[in-house]
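Worksheet for the structure shown next.
No value in this document is a laboratory result; all are computed from the given coordinates. Since the model is a prediction, treat every value here as computed from it, not as a measurement. Here the Cβ positions follow ideal geometry from the backbone for every residue, glycine too, while neighbour counts run over all protein chains shown.
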Amino acid sequence: MKIVRSRNGVLYTLYSLLNPIPFGFFVGALIFDITYKNTGEILWANAASWLVVLGLVSAIIPRLINLFYVWFRPIQNIRKVEITGFFLYGFAIVSGISNAFIHSRDAYGIVPANVILSFITVLLICLYYIYESTARNDVED
């Protein structure tokens, strides 16, 4: 069986373009949540809740493309890396959805759960990128 190290095509290009966008939204939400915790100014909580929602919405297309690449391709050596990354990012999205529900609470009732869930979301996505970049270097051609 031929082992393919990299992906090609329009779908992978679209995936590579759109995949980092949710991470930026979630990092921004974490920063705004920490700022809200320290200042109590409701503006930061509203901005963080919008960033969480934008991060979740912008994660839809890359996750669907990743779903296709992980589960509907022939088995290759690189598949273990993709499956692990798929689940790390999936758990980050579950954490982000929980965070969106926490942000629907009133005023200061979102603290400290908002900071904790934002941190977990960002941490899981960081682990996804670190694991993907280090594990891909170990795959032989």
(request) Identify the residue in segment 6-26 that is in contact (Cβ under 8 Å) with a residue 60 or more places away in the chain and either buried (at least 21 other Cβ atoms within 10 Å of the Cβ) or more than 10 Å from the chain's Cα centre (by Cα) (or both) and, among all such residues, is farthest from His103 (Cα to Cα). (result) Arg7
(request) Please list, ordered by first then second residue, the pairs with beta carbon atoms under 9 Å, 6 or more apart or interchain, first in segment 54-73 and on the phi < 0 side of the Ramachandran plot, second part of a helix (DSSP H, G or I) and of a type in the set (Lys, Arg). (result) Val70/Arg79; Arg73/Arg79
(message) Conditions first: (1) in contact with a Gly (Cβ under 9 Å, 6 or more places away or on another chain); (2) surrounded by 16 or more Cβ atoms within 10 Å (Cβ to Cβ). Tyr108 passes all but one, so which condition is the exception?
(response) (2)
(message) small (Gly, Ala, Ser), over 30 Å from Tyr36 (Cβ atoms) and without any contact (Cβ under 8 Å) to a residue 60 or more places away in the chain: is that true of Gly90 in this structure?
(response) no
(request) Identify all residues within segment 27-55 that are surrounded by fewer than 20 Cβ atoms within 10 Å (Cβ to Cβ) and closer than 27 Å to Tyr69 by Cα; write none if there are none. (result) Val27, Val53, Leu54
